[in-house]
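In what follows, a structure is listed as structure tokens, so that the remarks can point back to it.
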Amino acid sequence: MIVVMKPFATQAMVDRIRGRVEELGMKPHVIVGVERTVIAATGSESSGIQAELEACEEVEKVMPILAPYKIASRETRREPTVVTTGSLTVGGGHIGVIAGPCSVESEEQILEVAAQVKEAGATALRGGAFKPRTSPYAFQGMKEVGLELLAQAREATGLAVVTEVMTPHHVEMVCRYADVLQIGARNMQNYHLLQAVGETRKPVLLKRGPSATMEEFLLAAEYVLDQGNQQVILCERGIRTFETHTRFTLPLATVPYLREKTHLPIVVDPSHGTGIASLVPAMAAASVAAGADGLIIEVHPNPSKAVSDGSQTLTPAAFEATMHTCRKIAEVLGKTM
Ligand code: PEP
Ligand code: MN
């Protein structure tokens with residue numbers, strides 16, 4: 001349920017209600033809005049709790065949250081959540097652009113591509129140091145050395161670093177280097193991993209599982225939010241269907257759908273969503289037109305030489321042209337990019 005505080009409620013009043021929610025056996029999540037503060041209380045409701053809280057003079061009203069995802073729901077927070085870290089801002093009219101290679105391959109590669117994507121207007125650098133590969137024989141990533149190289153690229157360019165963490169054991173290590181923790185599509189329902197990144201205060205980029213429904217996707221985000229980490233970015237990256245003309249099927253109706261259901265920012269990944277570099281620019285533009293708060297795009301100085309996902313990777317020149325088109329669309333929508 002949501003406990004809506006009166007507009008004049010002071011911090012002390014909020015603290016008192018929060019404490020009372022806890023005493024009554026529920027978990028309070030304080031969400032500070034522009035106009036007023038609400039406390040989302042999760043967990044099982046004991047009888048009479050609603051009436052008791054409603055009787056408090058600092059409380060305006062108490063309402064049930066109908067959606068199964070509570071903190072992620074629009075019912076809990078009307079205003080959009082804006083995630084900002086270093087050079088990257090996603091949401092609230094700001095389109096963040098995360099670009100870079102699928103995998104960190106070498107010092108030369110990551111420094112070169114970081115400078116190229118920055119020049120083209122990217123606001124964050126992506127690059128996998130721990131790679132979830134379908135085959136155990138495929139390149140698994142440079143691991144901690146790759147993270148060091150990403151930090152070096154941030155130093156050189158000022159770009160915030162987005163990189164995947166695959167296991168709870170690595171969360172602390174990845175946090176030492178990354179600005180945003182990426183949860184890969186294959187791990188969307190790895191609940192211990194979601195809770196582990198939820199315990200940090202680093203923004204999380206949560207990718208949709210290839211067979212996850214919107215409800216499952218939002219409930220996965222809820223695992224992170226429930227640990228107190230409010231900085232979650234949702235990422236549509238395509239789903240498995242009967243289709244074979246693209247690597248995955250990229251459903252863009254999820255962007256306006258999620259906008260109605262949640263206050264969390266929504267990013268689209270047209271690279272994994274299509275698997276084909278020539279289709280990426282149009283789908284990036286379509287994502288912005290659909291209202292996405294950001295894009296994550298694979299770019300490599302020489303895609304044909306990339307150790308992973310080369311066929312869906314843009315050249316720096318193609319990325320620059322894509323940025324140019326997307327910016328015009330963003331402008332029509334009154335957004336900055
Ligand atoms: C990636 O971003 O390189 C990646 C592995 O993505 P996904 O988890 O969406 O497959
Ligand atoms: Mn990839």
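Below, the figures for the structure above:
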| quantity | calculated |
| --- | --- |
| Cα-based helix-to-principal-axis angle, 143-157 vs the chain, degrees rounded to 10 | 90 |
| Distance from the range 115-168 to the range 32-75 (C-alpha centre basis), Å | 40 |
| Exposure of residue 272 as accessible area (Å², to 10), given a probe of 1.4 Å and all protein chains | 20 |
| Accessible carbon and sulfur surface of the range 56-114 relative to its total accessible area, %, 1.4 Å | 51 |
| Computed label-point distance, nm, for sites residue 195 and residue 148 using a 7 Å Cα→Cβ extension | 3.4 |
| Unit Cα scatterers, Debye sum, the chain: log10 I(q)/I(0) for q = 0.07 Å⁻¹ | -0.30 |
| GNM top mover of 166, 63, 323 - the chain, alpha-carbon springs below 10 Å | 63 |
| Within straight-line cross-link reach of residue 118, aspartates and glutamates at Cα separation under 13 Å, skipping those fewer than 8 residues along the same chain | 155, 320 |
| Share of carbon and sulfur in the accessible heavy-atom surface of the range 212-275 [1.4 Å probe, %] | 54 |
| Value of relative contact order over the chain, rounded to a whole percent, pairs C-alpha under 8 Å and six or more apart | 16 |
| Quotient of Cα Rg and 2.2 N^0.38 Å for the range 84-170, N being how many residues it contains | 1.10 |
| Most mobile listed residue (210, 301, 68) in the chain, GNM with C-alpha springs under 10 Å | 68 |
| Label-to-label distance, nm, for residues given as residue 215 and residue 241 (7 Å Cα→Cβ offset) | 2.1 |
| For the range 175-217, projected area of the alpha-carbon convex hull averaged over all directions, nm² | 3.0 |
| Among 151, 55, 115, residue whose mean-square fluctuation peaks in a GNM of the chain (springs only between Cα atoms under 10 Å) | 55 |
| Accessible area per residue, Å², the chain with all protein chains present, probe 1.4 Å | 42 |
| DSSP loop chymotrypsin sites (Phe, Trp or Tyr not before Pro) with at most 10 other Cβ within 10 Å: longest gap in the chain | 9-136 |
| Cα-based Kirkwood hydrodynamic radius, the range 154-302, one decimal, Å | 15.7 |
| Expected 222 nm ellipticity per residue - DSSP helices of 4 or more, -39500 (n - 2.57), all of the chain, to 500 | -10500 deg cm²/dmol |
| Accessible carbon and sulfur surface of the range 147-202 relative to its total accessible area, %, 1.4 Å | 47 |
| Magnitude of the charge dipole, the range 111-167, Cβ model with Lys/Arg +1 and Asp/Glu -1, debye to 20 | 200 |
| Cubic angstrom per residue, convex hull over Cα atoms of the range 1-65 | 71 |
| Net +/- balance of residues flanking residue 54 in space, Cβ distance below 14 Å, scoring K and R +1, D and E -1 | -2 |
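The values are calculated or read from the model by the stated rules, or taken from the named source; none is laboratory data. Computed from a predicted model, the values in this text were never measured in an experiment. Glycine gets a Cβ as well: all are built from the backbone with ideal geometry, and neighbour counts include every protein chain shown. To get the accessible areas, we keep the full protein, side chains included, count just its heavy atoms, and leave off ligands, DNA and RNA. Shrake-Rupley method; radii C 1.70, N 1.55, O 1.52, S 1.80 Å.
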